[in-house]
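Q: Handing you this structure, nothing more for now.
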Amino acid sequence: MKNTIGREYNTGKIAQVECVANDTLKDLSIKDQCYLLLIISEGHATFNVGEKTITATAPCFICFDESEDPVLINKRKLKCQSIYFHPQFLNINMTFSLIKSKFYGDIAHTHDMFLLKPFIDKIFVVPITEQYLEILQNSFTEMKNELENQRDWYWSCRGRSYFMEIMIALERLYGLIGRGELLVCDDSSGTIKNERVKKAVLFIESHYSGEITLADIVKNAGLNHTNLTALFKEELNTTPMEYLWRYRVNVAKKHLAFTEVPLKDVSTRCGFKTVQHFSRIFKEHTDQTPAKFRKKAVNERKNEL
């Protein structure tokens with residue numbers, strides 16, 4: 001794979017990732033080198049993967065790990081954005097051998113790392129709901145721009161942070177096909193069964209970074225305020241807006257733990273109006289300031305891994 005190399009800022013720094021817009025997917029060469037995540041927004045593609053034939057129809061993800069040697073055998077009206085990456089771009093501790101070890105799941109849960117289950121489980125194709133498609137395309141574009149333009153010292157971290165948003169969406173959408181139900185965002189033992197609540201939650205999780213109101217959530221769910229709130233209370237023991245703030249905090253935790261992106265950027269990216277607002281809401285949910293949480297998370301990862 002081709003790495004992204006630092007030029008003016010962090011000269012010589014190697015980011016183990018490459019973004020390709022409108023990828024033709026010819027002569028793929030990832031075996032023993034990198035993972036490949038495709039975002040298919042239009043058309044369809046068919047691959048030979050070992051003895052299997054994989055067909056993907058937009059919109060969807062396609063996930064290949066480093067053990068695969070995929071060959072494109074057919075495509076039609078295909079529009080594809082590709083991310084070639086080593087898992088260490090997400091976290092330096094995520095080597096190929098660690099991910100394949102029997103301890104990886106426990107370690108990932110302990111340190112809130114990415115599970116990469118769609119890659120590990122050899123699912124290959126993960127459908128993308130319409131709610132998520134636009135934010136995924138925007139995140140890819142921003143990631144590519146950060147890695148190519150390298151506007152300041154944080155170019156690698158910002159690139160990683162946009163990639164993390166894509167991976168969070170992948171994990172959430174994989175939950176829909178892997179378990180048949182949507183997991184509660186911060187409780188792997190809980191699922192969302194009501195279709196109206198599920199629809200509202202998918203809307204929240206795919207629009208959390210922007211200014212969304214209760215009226216927006218209610219409209220998307222197709223229920224009135226009273227009924228939707230009652231359903232949220234019954235199934236999730238919270239309200240739609242409380243779920244929104246909780247989800248924003250959970251995404252912010254990932255940014256704080258795995259990047260050095262400034263707090264102002266994290267707050268804006270997660271839908272908070274100001275750093276002060278972000279700090280207040282974050283502390284209400286975690287009993288820690290964002291800065292304290294970041295320092296503790298980084299130190300624990302360094303010491304324990």
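Q: Could you say which residue among 228, 244, 173 is crowded, with 21+ Cβ neighbours inside 10 Å, touching a Phe, Trp or Tyr at 6+ places or on another chain (Cβ under 9 Å) and at pLDDT 90 or above?
A: Unique residue meeting the criteria: 244.
Q: Can residue 267 be described as crowded, with 18+ Cβ neighbours inside 10 Å and in contact with a helix residue (DSSP H, G or I) (Cβ under 7 Å, 6 or more places away or on another chain)?
A: Here the answer is yes, as residue 267 does meet what is asked.
Q: Determine which single condition residue 258 fails, assuming it passes every other condition in (1) surrounded by fewer than 18 Cβ atoms within 10 Å (Cβ to Cβ); (2) closer than 30 Å to residue 108 by Cβ.
A: Answer for residue 258: the failing condition is (1).
Q: Could I ask something else about it? Would you check if residue 28 is within 29 Å of residue 129 (Cα to Cα), surrounded by 13 or more Cβ atoms within 10 Å (Cβ to Cβ) and in contact with a strand residue (DSSP E or B) (Cβ under 6 Å, 6 or more places away or on another chain)?
A: Answer is no for this residue.
Q: For segment 193-202, check the following and say yes or no: at least one residue is assigned to a helix (DSSP H, G or I) and among the acidic types (Asp, Glu).
A: Scanning segment 193-202 turns up at least one residue that is assigned to a helix (DSSP H, G or I) and among the acidic types (Asp, Glu).
Q: Okay, next question. Kindly list the number of the only condition in (1) in contact with a helix residue (DSSP H, G or I) (Cβ under 9 Å, 6 or more places away or on another chain); (2) surrounded by fewer than 14 Cβ atoms within 10 Å (Cβ to Cβ) that fails for residue 59.
A: Evaluating residue 59 over (1) in contact with a helix residue (DSSP H, G or I) (Cβ under 9 Å, 6 or more places away or on another chain); (2) surrounded by fewer than 14 Cβ atoms within 10 Å (Cβ to Cβ) leaves (2) as the failure.
Q: Continuing with the same structure: Let me confirm something: among 41, 67, which residue is over 24 Å from residue 162 (Cα atoms), surrounded by fewer than 21 Cβ atoms within 10 Å (Cβ to Cβ) and in contact with a helix residue (DSSP H, G or I) (Cβ under 9 Å, 6 or more places away or on another chain)?
A: Going through 41, 67 in turn, just one is over 24 Å from residue 162 (Cα atoms), surrounded by fewer than 21 Cβ atoms within 10 Å (Cβ to Cβ) and in contact with a helix residue (DSSP H, G or I) (Cβ under 9 Å, 6 or more places away or on another chain): 67.
Q: Quick check: is even one residue across segment 234-245 touching a residue at least 12 places away in the same chain (Cβ under 8 Å) and touching a strand residue (DSSP E or B) at 6+ places or on another chain (Cβ under 8 Å)?
A: yes
Q: Output the residues belonging to segment 194-219 that are within 16 Å of residue 129 (Cα to Cα) and surrounded by fewer than 19 Cβ atoms within 10 Å (Cβ to Cβ).
A: Result: 195, 196, 198.
Each row is one residue, and each column tells you yes or no for (1) of a type in the set (S, T, N, Q); (2) farther than 17 Å from residue 20 by Cα; (3) assigned by TED's automatic domain parsing to the domain that holds residue 19.
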| residue | (1), (2), (3) |
| --- | --- |
| 137 | yes, no, no |
| 141 | yes, no, no |
| 146 | no, no, no |
| 150 | yes, no, no |
| 153 | no, yes, no |
| 156 | yes, no, no |
| 161 | yes, yes, no |
| 168 | no, yes, no |
| 173 | no, yes, no |
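Q: Residue 120 - would you say it is over 15 Å from the mean Cα position of the chain (by Cα) and within 15 Å of residue 164 (Cα to Cα)?
A: Criteria not met by residue 120.
Q: Could you tell me which residue of segment 44-56 is nearest to residue 156 (Cα to Cα), considering only residues that are in contact with a strand residue (DSSP E or B) (Cβ under 7 Å, 6 or more places away or on another chain) and exposed (fewer than 14 other Cβ atoms within 10 Å of the Cβ)?
A: Here the answer is 55.
Q: So, of the residues in segment 106-152 that are part of a loop (DSSP other than H, G, I, E, B) and of a type in the set (A, V, I, L, M), which turns out to be nearest to residue 205 (Cα to Cα)?
A: 128
Q: Give me the pairs: first residue in segment 288-299 and exposed (fewer than 14 other Cβ atoms within 10 Å of the Cβ), second residue not in a helix (DSSP H, G or I), beta-carbon distance under 8 Å, and six or more apart or on different chains, which are they?
A: Cβ pairs passing all conditions: 296/288.
Q: Being more than 11 Å from residue 147 (Cα to Cα) and either under 21 Å from the mean Cα position of the chain (by Cα) or of a type in the set (S, T, N, Q) (or both) is the filter here, so list the residues in segment 2-15 that pass it.
A: Selection gives 10, 11.
The values are calculated or read from the model by the stated rules, or taken from the named source; none is laboratory data. This is a predicted model, so every value here is computed, not measured. Every residue, glycine as well, gets a Cβ built from its backbone with ideal geometry; the counts of neighbours run over all protein chains shown.
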